[in-house]
Amino acid sequence: MILCVTPTPVLQRAARISSPIAPGEVNHFNDVGITAGGTGTNVAYALYLAGQSALALFPAPQISHYMRLITEMGLAHDYIEVPGPIPMHSAVIESDLTTTEFRDPPMPLDSHQLAMLRDKTVAAAEHHQSVLLTGPLPIVATHGWYSDVLRSLCLYHPNKKVSIASTGPALQAVLRQVGTIAPHSVMCHLEDIATWARSDVEELRSHILAEPESSASELARTCQPLLDAGIHTLLIGIDRRHSLLLTESMSALGRYTGTPGYMSIPWRDSLVAGFQLGVCEDAPCAEQLRLAVAFGAAEGDSLHSFMPTKDGARCDQVEIIPL
């Protein structure tokens, strides 16, 4: 069973629009849905739909629309009670899957509430095989909060596998300290690796799309110091069709050859969910990458608010290119 921690839960509102957004005009939406989200919650729910055991841990008001939606989902969860409010993320998705997002600021937790969430995470880890720390951090949190939680987990549960799926300054703080303490796995964006390596992200992406094998191999060599420092697995989301997996024993590029479908959650969250599903099933590394890419490009299930499911993930349309 995996513990999925979300310091910044959100209400996700997704809607389709049949034509491009017209500024200054009335835009008519369809397939409008609101779900309880945040990266860890999304990953836990996708794993739950795939038949895996997962517990979502987050801060939230006890009486709130977020908690009502969590209960309706049937997702196993625990929380620390905070005043809120839960921020809203609204996504408008056009027919070609171009997505425009409107995001409220992250939840304003104070230092006491962050300490409560850290302690709750360490206590809950006792009953789980692994821990996944996910998403951006609240406004007042220091960039090193994940590193603080990681140190506490390693101190009290040295045999637990701790993974991080985040972005921005919070992830950079973790990457800067891998020589001292390193998570078992890191799931990040190409932008984060470009920041860490002080490279231009658009140049990296264009090279990978133009010359996948040679450019991905070069990126793998760039990231080798992270693996040498103690990270066992590094999953890098390049775009919705391409992801790179680096481990101690293999390096491979996953490429989706089909057409990505509509889903109501960020594709990067479903990418992490697919990868974690492969880990939970003890699949070989290549199959973990295949599931990750397939989930990232999957068509969401209309019966589950367009969440990606294993049945809808087209693993047969994922090409694995060893490097």
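The values are calculated or read from the model by the stated rules, or taken from the named source; none is laboratory data. Just so you know, these numbers come straight off a predicted model, no measurement behind them. We place every Cβ from the backbone using ideal geometry, glycine too, and count neighbours over all the protein chains shown.
If we scan the stretch 286-293, do we find a residue that is crowded, with 24+ Cβ neighbours inside 10 Å, among the hydrophobic types (A, V, I, L, M, F, W, C) and at pLDDT below 95? No: the stretch 286-293 contains no residue that is crowded, with 24+ Cβ neighbours inside 10 Å, among the hydrophobic types (A, V, I, L, M, F, W, C) and at pLDDT below 95. Buried (at least 21 other Cβ atoms within 10 Å of the Cβ), of a type in the set (S, T, N, Q), over 29 Å from Thr180 (Cβ atoms) and at pLDDT below 95: does that describe Ser264? For Ser264, the condition - buried (at least 21 other Cβ atoms within 10 Å of the Cβ), of a type in the set (S, T, N, Q), over 29 Å from Thr180 (Cβ atoms) and at pLDDT below 95 - is met. When the residues of the stretch 89-117 are narrowed to those that are in a loop (DSSP other than H, G, I, E, B) and among the aliphatic types (A, V, I, L, M), which ends up nearest to Gly296 (Cα to Cα)? Taking the candidates together, the pick is Leu97. Being modelled with pLDDT of 95 or more, part of a strand (DSSP E or B), touching a Lys or Arg at 6+ places or on another chain (Cβ under 8 Å) and not basic (Lys, Arg) is the requirement here; does Ile80 meet it? Criteria met by Ile80.
Output the residue which, of all residues in the stretch 1-35 that are in a loop (DSSP other than H, G, I, E, B) and buried (at least 17 other Cβ atoms within 10 Å of the Cβ), is nearest to the chain's Cα centre (by Cα).
Thr6
In the stretch 234-261, the qualifying residues are those that are in contact with a His (Cβ under 9 Å, 6 or more places away or on another chain) and assigned to a strand (DSSP E or B), and the one that is farthest from Ser95 (Cα to Cα) is Thr247.
Before we move on, is Leu47 surrounded by fewer than 24 Cβ atoms within 10 Å (Cβ to Cβ) and under 16 Å from the mean Cα position of the chain (by Cα)? Give the steps one after another, and end with the answer.
Numbers: surrounded by fewer than 24 Cβ atoms within 10 Å (Cβ to Cβ): no; under 16 Å from the mean Cα position of the chain (by Cα): yes.
The answer is no for Leu47.
How about the stretch 126-166: which of its residues are more than 19 Å from the chain's Cα centre (by Cα), in a helix (DSSP H, G or I) and either surrounded by 17 or more Cβ atoms within 10 Å (Cβ to Cβ) or hydroxyl-bearing (Ser, Thr, Tyr) (or both)? If the condition is that a residue be more than 19 Å from the chain's Cα centre (by Cα), in a helix (DSSP H, G or I) and either surrounded by 17 or more Cβ atoms within 10 Å (Cβ to Cβ) or hydroxyl-bearing (Ser, Thr, Tyr) (or both), then Ser152, Leu153, Tyr156 are the ones that fit.
Look through Thr222, Thr257 and report the one residue that is farther than 30 Å from Ala14 by Cβ and not hydrophobic (A, V, I, L, M, F, W, C).
After ruling out the rest, the residue left standing is Thr222.
Taking the conditions (1) outside any loop (DSSP other than H, G, I, E, B); (2) more than 14 Å from the chain's Cα centre (by Cα) in turn, Ala292 satisfies each one other than (2). None of Gly38, Gly74 is within 17 Å of the chain's Cα centre (by Cα) and on the phi > 0 side of the Ramachandran plot except Gly38. Checked against (1) assigned to a strand (DSSP E or B); (2) loosely packed, with under 14 Cβ neighbours inside 10 Å, Cys188 passes all but condition (2). For Ala286, the conditions (1) assigned to a helix (DSSP H, G or I); (2) touching a His at 6+ places or on another chain (Cβ under 7 Å) all hold with the exception of (2). Of the residues making up the stretch 52-88, those that are closer than 25 Å to Leu303 by Cβ, in contact (Cβ under 8 Å) with a residue 24 or more places away in the chain and surrounded by fewer than 18 Cβ atoms within 10 Å (Cβ to Cβ) are Ser53, His65, Gly74, Ala76, Met88.
Of all residues in the stretch 241-259, those satisfying the criterion of being closer than 16 Å to Val318 by Cα and either free of Cβ contacts under 8 Å to residues at least 24 places away in the same chain or surrounded by fewer than 17 Cβ atoms within 10 Å (Cβ to Cβ) (or both) are Thr257, Gly258, Thr259. Only one entry in Ala252, Ala210, Ala173, Ala165 is within 18 Å of Pro322 (Cβ to Cβ) and small (Gly, Ala, Ser), namely Ala252.
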